[in-house]
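Structure first, then comments.
The values are calculated or read from the model by the stated rules, or taken from the named source; none is laboratory data. Just so it is clear, the model here is predicted, and its values are computed rather than measured. Every residue, glycine among them, receives a Cβ derived from its backbone with ideal geometry; neighbour counts consider all protein chains shown. The accessibility values were calculated without ligands, DNA or RNA, using every heavy atom of the protein model including side chains. Shrake-Rupley method; radii C 1.70, N 1.55, O 1.52, S 1.80 Å.
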Amino acid sequence: MRAVRESRGMSQRDLAGRAGLTSSAISLIEQNKSSPSVASLKRLLDAIPMNLSEFFSVVEQDVVPKYFYAPDEYIELSPQDAGMGDGAARVSLRQLGDASRHALQVLHESYPPGADTGPELLSHDGEEAGIVVSGVIEVTVADQVRVLNPGDGYLFNSQLPHRFRNIGDVPCVVISACTPPTF
(Lines give C-alpha, C1' and ligand atoms only; values in the text may rest on other atoms or scores of the structure.)
Protein backbone atom coordinates (compact mmCIF):
# COMPACT_ATOMS: atom_id res chain seq x y z
CA MET A 1 0.00 0.00 0.00
CA ARG A 2 2.85 2.36 0.87
CA ALA A 3 4.52 1.96 -2.55
CA VAL A 4 1.26 2.62 -4.37
CA ARG A 5 0.46 5.66 -2.20
CA GLU A 6 3.94 7.11 -2.62
CA SER A 7 3.95 6.47 -6.39
CA ARG A 8 0.87 8.72 -6.55
CA GLY A 9 2.61 11.43 -4.49
CA MET A 10 0.15 11.09 -1.62
CA SER A 11 0.88 11.38 2.08
CA GLN A 12 -0.77 9.10 4.60
CA ARG A 13 -2.84 12.08 5.69
CA ASP A 14 -3.99 12.74 2.09
CA LEU A 15 -5.02 9.13 1.58
CA ALA A 16 -6.72 8.94 4.97
CA GLY A 17 -8.73 12.08 4.25
CA ARG A 18 -9.84 10.88 0.83
CA ALA A 19 -10.75 7.40 2.12
CA GLY A 20 -12.43 8.55 5.33
CA LEU A 21 -9.93 6.74 7.58
CA THR A 22 -7.39 7.96 10.14
CA SER A 23 -3.71 8.43 9.34
CA SER A 24 -2.88 5.95 12.10
CA ALA A 25 -5.11 3.33 10.42
CA ILE A 26 -3.21 3.84 7.14
CA SER A 27 0.10 3.54 9.01
CA LEU A 28 -0.93 0.26 10.66
CA ILE A 29 -2.06 -1.17 7.31
CA GLU A 30 1.19 -0.17 5.63
CA GLN A 31 3.21 -1.80 8.42
CA ASN A 32 1.14 -5.02 8.12
CA LYS A 33 -0.01 -4.57 11.72
CA SER A 34 -3.65 -4.29 10.66
CA SER A 35 -5.66 -5.67 7.76
CA PRO A 36 -8.64 -3.75 6.40
CA SER A 37 -11.94 -5.39 5.52
CA VAL A 38 -12.56 -5.87 1.81
CA ALA A 39 -14.85 -2.82 1.88
CA SER A 40 -12.24 -0.64 3.64
CA LEU A 41 -9.51 -1.73 1.23
CA LYS A 42 -11.85 -0.86 -1.65
CA ARG A 43 -12.41 2.62 -0.13
CA LEU A 44 -8.64 3.10 0.16
CA LEU A 45 -8.07 2.09 -3.44
CA ASP A 46 -10.97 4.22 -4.68
CA ALA A 47 -9.24 7.20 -3.03
CA ILE A 48 -6.02 6.54 -4.99
CA PRO A 49 -7.87 5.73 -7.57
CA MET A 50 -7.16 2.08 -8.36
CA ASN A 51 -9.26 -1.07 -8.36
CA LEU A 52 -8.52 -4.27 -6.45
CA SER A 53 -7.59 -6.09 -9.62
CA GLU A 54 -4.89 -3.51 -10.46
CA PHE A 55 -3.62 -3.46 -6.86
CA PHE A 56 -3.08 -7.21 -6.74
CA SER A 57 -2.31 -7.87 -10.40
CA VAL A 58 0.74 -9.85 -11.25
CA VAL A 59 2.33 -8.64 -14.47
CA GLU A 60 2.43 -11.54 -16.86
CA GLN A 61 5.83 -11.53 -18.56
CA ASP A 62 5.09 -14.41 -20.92
CA VAL A 63 5.65 -13.67 -24.59
CA VAL A 64 3.13 -16.41 -25.40
CA PRO A 65 -0.44 -15.53 -24.31
CA LYS A 66 -1.58 -17.44 -21.22
CA TYR A 67 -4.98 -19.15 -21.51
CA PHE A 68 -4.90 -21.75 -18.75
CA TYR A 69 -4.31 -21.42 -14.99
CA ALA A 70 -3.78 -23.92 -12.21
CA PRO A 71 -5.44 -23.11 -8.86
CA ASP A 72 -2.11 -21.98 -7.36
CA GLU A 73 -1.74 -19.37 -10.14
CA TYR A 74 -4.87 -17.41 -9.16
CA ILE A 75 -4.26 -13.96 -7.65
CA GLU A 76 -5.52 -13.47 -4.06
CA LEU A 77 -7.39 -10.14 -3.86
CA SER A 78 -8.65 -10.22 -0.29
CA PRO A 79 -6.67 -8.77 2.58
CA GLN A 80 -5.09 -11.22 5.03
CA ASP A 81 -7.71 -10.91 7.77
CA ALA A 82 -10.91 -9.79 6.05
CA GLY A 83 -14.05 -10.74 7.88
CA MET A 84 -15.80 -10.09 11.14
CA GLY A 85 -13.60 -8.91 14.01
CA ASP A 86 -10.58 -10.44 15.70
CA GLY A 87 -9.92 -14.08 14.97
CA ALA A 88 -12.54 -14.15 12.24
CA ALA A 89 -12.20 -16.56 9.39
CA ARG A 90 -10.58 -15.23 6.25
CA VAL A 91 -12.55 -14.47 3.09
CA SER A 92 -10.66 -15.60 -0.02
CA LEU A 93 -11.26 -13.82 -3.33
CA ARG A 94 -8.99 -15.46 -5.91
CA GLN A 95 -8.86 -13.94 -9.37
CA LEU A 96 -8.33 -15.96 -12.52
CA GLY A 97 -5.45 -14.32 -14.46
CA ASP A 98 -4.68 -10.62 -14.74
CA ALA A 99 -8.07 -8.91 -15.07
CA SER A 100 -6.44 -5.62 -16.06
CA ARG A 101 -5.69 -7.27 -19.43
CA HIS A 102 -9.27 -8.41 -20.05
CA ALA A 103 -12.86 -7.13 -20.15
CA LEU A 104 -13.99 -9.78 -17.65
CA GLN A 105 -12.92 -10.56 -14.09
CA VAL A 106 -13.56 -14.08 -12.79
CA LEU A 107 -13.25 -14.92 -9.08
CA HIS A 108 -13.20 -18.11 -7.02
CA GLU A 109 -14.64 -16.91 -3.70
CA SER A 110 -14.46 -18.80 -0.39
CA TYR A 111 -16.30 -17.69 2.74
CA PRO A 112 -15.67 -19.69 5.94
CA PRO A 113 -18.60 -19.84 8.40
CA GLY A 114 -19.28 -16.35 9.79
CA ALA A 115 -17.03 -14.57 7.25
CA ASP A 116 -18.22 -11.60 5.23
CA THR A 117 -16.99 -8.79 3.00
CA GLY A 118 -17.11 -6.34 5.91
CA PRO A 119 -19.70 -4.12 7.58
CA GLU A 120 -19.58 -1.52 4.80
CA LEU A 121 -21.50 -2.28 1.62
CA LEU A 122 -19.38 -2.56 -1.54
CA SER A 123 -20.07 -0.48 -4.65
CA HIS A 124 -18.10 -0.25 -7.91
CA ASP A 125 -18.69 0.17 -11.64
CA GLY A 126 -19.80 -2.80 -13.70
CA GLU A 127 -22.09 -5.78 -13.48
CA GLU A 128 -21.58 -8.76 -11.22
CA ALA A 129 -22.86 -12.32 -11.39
CA GLY A 130 -22.17 -15.53 -9.52
CA ILE A 131 -23.31 -19.05 -8.77
CA VAL A 132 -23.07 -20.72 -5.37
CA VAL A 133 -21.10 -23.97 -5.70
CA SER A 134 -21.34 -25.13 -2.08
CA GLY A 135 -22.56 -23.86 1.29
CA VAL A 136 -24.92 -20.93 1.76
CA ILE A 137 -24.36 -17.21 1.44
CA GLU A 138 -26.49 -14.23 2.40
CA VAL A 139 -26.30 -11.61 -0.34
CA THR A 140 -27.48 -8.03 0.19
CA VAL A 141 -28.09 -5.88 -2.91
CA ALA A 142 -29.53 -2.43 -2.26
CA ASP A 143 -32.57 -3.06 -0.03
CA GLN A 144 -32.94 -6.76 -0.90
CA VAL A 145 -31.45 -9.61 1.13
CA ARG A 146 -31.51 -13.23 -0.01
CA VAL A 147 -29.93 -16.46 1.25
CA LEU A 148 -28.54 -18.43 -1.68
CA ASN A 149 -27.96 -22.19 -1.68
CA PRO A 150 -25.88 -24.38 -4.05
CA GLY A 151 -27.00 -23.81 -7.61
CA ASP A 152 -28.58 -20.42 -6.83
CA GLY A 153 -27.12 -17.37 -8.53
CA TYR A 154 -27.17 -13.58 -8.64
CA LEU A 155 -26.76 -10.87 -11.27
CA PHE A 156 -26.83 -7.13 -10.53
CA ASN A 157 -25.40 -3.71 -11.32
CA SER A 158 -22.33 -3.45 -9.07
CA GLN A 159 -22.97 0.23 -8.41
CA LEU A 160 -25.78 -0.91 -6.12
CA PRO A 161 -24.48 -1.29 -2.55
CA HIS A 162 -23.86 -4.98 -1.86
CA ARG A 163 -22.44 -7.37 0.72
CA PHE A 164 -21.77 -11.12 1.03
CA ARG A 165 -21.94 -13.07 4.33
CA ASN A 166 -21.71 -16.78 5.09
CA ILE A 167 -24.47 -17.46 7.62
CA GLY A 168 -24.03 -21.24 7.43
CA ASP A 169 -22.01 -23.77 9.42
CA VAL A 170 -19.83 -24.88 6.49
CA PRO A 171 -17.58 -22.99 4.05
CA CYS A 172 -19.32 -21.38 1.08
CA VAL A 173 -17.77 -21.35 -2.40
CA VAL A 174 -18.97 -19.00 -5.15
CA ILE A 175 -17.72 -18.61 -8.71
CA SER A 176 -18.35 -15.03 -9.83
CA ALA A 177 -17.67 -12.66 -12.68
CA CYS A 178 -17.54 -8.88 -13.01
CA THR A 179 -17.47 -6.90 -16.22
CA PRO A 180 -15.70 -4.66 -16.75
CA PRO A 181 -13.13 -5.73 -14.13
CA THR A 182 -13.59 -2.92 -11.61
CA PHE A 183 -13.45 -4.78 -8.30
Worksheet, complete the sentence: Between Gln144 and Val4, Cβ-based FRET efficiency (R0 45 Å, step 0.05) works out to 0.85
Worksheet entry | Amide proton proximity set for Leu104, modelled H, under 5 Å, gap of 5+ | none
Worksheet item: What residues from the range 146-182 fall in the zone where the backbone N is under 20 Å from a label point 7 Å along the Cα-to-C-beta line of Tyr67?
Response: none
Worksheet item: Going 7 Å from the Cα of Leu160 toward and past its Cβ, which residues in the range 117-142 have a backbone nitrogen under 19 Å from where you end up?
Response: 117-118, 120-132, 137-142
Discussion item. Give me the percent of accessible area attributable to carbon and sulfur for the chain, probe 1.4 angstrom.
Written reply: 53 percent
Fill in: Tail beyond 15 Å, pair distance distribution of the range 131-173 (Cα, percent)
36 percent
Response to the item:
the range 66-183: Kirkwood hydrodynamic radius (Cα pairs, Å) comes out at 14.4 Å
Worksheet item: Per-residue HN-Hα couplings for the range 17-29, Karplus 6.51 cos²θ - 1.76 cosθ + 1.60 at θ = phi - 60°, whole Hz, x for Gly and Pro?
Response: x, 5, 8, x, 10, 8, 4, 5, 5, 4, 4, 5, 5
Worksheet item: Once the whole set of protein chains is in place, how much accessible area is left on Thr22, using a 1.4 Å probe, in Å² to the nearest 10?
Response: 80 Å²
Fill in: Virtual spin-label span in nm between Ala129 and Glu76, 7 Å along Cα→Cβ
3.0 nm
Discussion item. Distance between the C-alpha centers of the range 16-53 and the range 93-141? Whole Å please.
Written reply: 19 Å
Worksheet item: Using a 1.4 Å probe, how large is the accessible area of Ser35, given in Å² and rounded to the nearest 10?
Response: 40 Å²
Response to the item:
Residue-normalised value, i.e. accessible area per residue, for the range 86-183 at 1.4 Å probe, in Å², stands at 47 Å²
Worksheet item: In whole Hz, what ³J(HN,Hα) sequence does the range 131-137 give by Karplus (6.51, -1.76, 1.60; θ = phi - 60°), x for Gly and Pro?
Response: 10, 6, 8, 8, x, 10, 9
Response to the item:
If amide H atoms are modeled at 1.01 Å from N in the peptide plane, then the residues at a separation of 5 or more from Cys172, or on another chain, having amide H under 5 Å from its own are Tyr111
Worksheet item: Label Asp152 and Asp46 with points 7 Å out from Cα along Cα→Cβ: what is the distance between them in nm?
Response: 2.6 nm
Response to the item:
Note to self, the chain gives a 222 nm [θ] from helices alone (DSSP H runs n ≥ 4, -39500 (n - 2.57) apiece, / all residues, nearest 500) of -5000 deg cm²/dmol
